[in-house]
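Following: one structure in structure tokens, then a few remarks.
No lab work stands behind these numbers, since they all come straight from the coordinates. Please read these numbers as outputs of a predicted model, since none were measured by experiment. Cβ placement follows ideal geometry from the backbone for every residue including glycine, while neighbour counts extend to all protein chains displayed.
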Protein chains: 2
Amino acid sequence: MPKLGMEPIRRDALIKATIAEIAQTGALEVTVSRIARRAGMSSALAHHYFGSKDAMFLAAMRHVLSVYGAEVRGALAAADGPQARVQALIRASFTPTSFRREVIAAWLNFYVLAQTRADAARLLGVYQRRLVSNLGHALRPVAGARARPLAEGVAAMIDGVYLREALGAGEPDGRAAARMVEDWLAAQLRTA
Amino acid sequence: MPKLGMEPIRRDALIKATIAEIAQTGALEVTVSRIARRAGMSSALAHHYFGSKDAMFLAAMRHVLSVYGAEVRGALAAADGPQARVQALIRASFTPTSFRREVIAAWLNFYVLAQTRADAARLLGVYQRRLVSNLGHALRPVAGARARPLAEGVAAMIDGVYLREALGAGEPDGRAAARMVEDWLAAQLRTA
DNA sequence: CTTTGTTGATTGACCAGTCAATAAACAATC
DNA sequence: GATTGTTTATTGACTGGTCAATCAACAAAG
């Protein structure tokens, strides 16, 4: 039965199962056994590949963050000019890939984890600062000295819209969410 | 040793200890024993008064939400005129009472809890809708038909600023946070 | 002596992590 | 191409510990 080269497949399955399990049962009740069962293997194998439950959490976080990071880079590469770059950054946070119940739930749990776990906080901080930095640079040609505070406002707005969608009843609407942030930013830019 | 009339005192101590413990150790590792010890009693007594761990969580949530609700009502009562009411609503979310690391941490954990626990979601939903509703009514005289979408934007902004402060390194600065939301709203109102 | 407050001890369940054992795939040697 | 050994994949069974919840018993106050 055992086939070689299973490691990457198993790791991937476990990471996805971890995210799914966290989203479904909440971080309070996730167990290695449940994750492993969802990923179609024994809990012993999960330990074999990740060593500990904590390591699995961290790996899952890194996965979510790297997917998001890739999306941002892709959108930036395709953007032409300052306005387009700002728009790309905002919309990248609300693409169908990232803006799904499951992924949103993962982000929420990562926020909570980052409150007490230093490594999680560090990981999250990197991405948060990068977003503000990216926004700041993109806004510089348009807003000059106001670029930095504006970038922080946009970042806050993105997070806030994220939250409300995560907790709202209906299906998350990425297009509407992005438009909201863009509208608010546009109004800011129109005021001297 | 036993003194009569201890129930309200014990309940209060347990609720506060629950919040403190969640903030300190994170929702993943809270145990009834730790909470009870922090509140100065045995775990058996904690069960005696609340019946279950879940009930303690819910009671703690209700406490945080009721404190916040009282603050909002107080601010609204003292406000005169539409602008003052909007300002009061925004600032009430960032008073020193509510805008402390510990309370922020509690809110974050409640958000996560609300993803999987129906009663928590219901409780949170009531307060979220009330905030948007309050903001909408206060904005009506100033913004007319735009009041509702503006209210949703302000609410999102409040949540977002909350989040970023909760995860930032420095001490939360409520005054600056409130000013930021007010500035963004002012810019929105200045555009037809 | 009943009500209220309080705890130590106990229980039953569960969980993270370990380990020994098995089985396939691969590789080298004869 | 048969033999032998090595690596990788995989699991069932086990362990040490912890936790939520229960209970019996005790102490004060009315």
Report summary line: Expected integer from the mean partner chain Cβ neighbour count at 10 Å over B:162-175 is 3
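Could you tell me how many cubic angstrom of Cα convex hull volume the stretch B:56-101 has per residue?
Per-residue hull volume (Cα only) is 62 Å³.
Size of the dipole of the protein assembly as shown about the Cα centre, Lys and Arg at +1 and Asp and Glu at -1 on the beta carbon, nothing else charged, in debye to 20?
Its charge dipole is roughly 60 debye.
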Query - Residue of chain B nearest the B-to-A rotation axis [by Cβ], rounded angstrom distance - result: B:G160, 1
Query raised in the report: With each pseudo-label sitting 7 Å past Cα toward Cβ, what's the A:R179-B:S66 distance in nm, one decimal?
Result: 4.2 nm
Query raised in the report: If we hang a label 7 Å off Cα along the beta carbon direction at B:G5, how far is it from the matching labels on the other copies, in nm, shortest first?
Result: 7.7
Query raised in the report: Where the label is 7 Å out from Cα toward Cβ, how close does A:A44 come to the same position in every other copy, in nm, shortest first?
Result: 4.0
Query raised in the report: Once the Cα atoms of helix B:7-25 and of chain B are each reduced to a long axis, what angle between those two axes, in degrees from 0 to 90 to the nearest 10, is obtained?
Result: 70 degrees
Query raised in the report: Under a point-charge model restricted to the Cβ atoms of Lys and Arg (+1) and Asp and Glu (-1), what is the dipole moment magnitude of the stretch A:80-192 relative to its Cα centre, in debye to the nearest 20?
Result: 320 debye
Query raised in the report: Along Cα→Cβ at 7 Å, what distances in nm separate the A:T31 label point from those on the other copies, shortest first?
Result: 1.6
Report summary line: In whole angstrom, largest first, the equivalent ellipsoid semi-axes that the Cα gyration tensor gives for chain B are 36, 16, 15
Query raised in the report: With charges set only on the Cβ (+1 for Lys and Arg, -1 for Asp and Glu), what does the dipole of chain A come to about its Cα centre, in debye to the nearest 20?
Result: 300 debye
Report summary line: Here the averaged projected area of the stretch A:1-62, based on the convex hull of its alpha-carbon atoms and given in nm², is 3.9 nm²
Query raised in the report: By how many degrees, 0 to 90 and rounded to 10, does the Cα axis of helix B:174-190 deviate from the longest principal axis of chain B?
Result: 30 degrees
Report summary line: Output row, site B:S52, 7 Å Cα→C-beta label point, backbone N cut-off 13 Å, window the stretch B:109-143, residues B:117-120
**Report entry** Degrees separating the helix B:101-116 axis from the principal Cα axis of chain B, which is the longest one
**Finding:** 90 degrees
Query raised in the report: How high is the relative contact order of chain A, given as a whole-number percent (alpha carbon pairs under 8 Å, six or more residues apart)?
Result: 19 percent
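Where Rh is the Kirkwood radius over the Cα pairs of the stretch A:70-169, the temperature 20 °C and the viscosity 1.002 mPa s, what D in µm²/s does Stokes-Einstein return?
Translational diffusion coefficient: 150 µm²/s.
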Query - Over the stretch B:1-111 - Rg/Rh using Cα atoms and the Kirkwood inverse-distance radius - result: 1.08
Query raised in the report: Between A:A118 and B:E29, what is the spin-label point distance in nm, taking each point 7 Å from the Cα along the Cα→C-beta axis?
Result: 1.3 nm
Requested in this report: Could you work out how far the C-alpha centroid of the stretch A:85-103 sits from that of the stretch B:118-155, in angstrom?
Outcome: 24 Å
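Tally Lys/Arg at +1 and Asp/Glu at -1 over every other residue whose Cβ is under 11 Å from the Cβ of B:H137; what's the total?
Neighbour charge sum, excluding B:H137 itself: +4.
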Report task. List the extent of the Cα atoms of the protein assembly as shown along each of their three principal axes, largest first, rounded to whole Å. Result -> 69, 60, 35
Report task. Pick out, from A:G69, A:H137, A:A106, the residue whose Cα sits farthest towards the positive end of the charge dipole of the stretch A:1-149, with +1 on the Cβ of Lys and Arg and -1 on the Cβ of Asp and Glu. Result -> A:H137
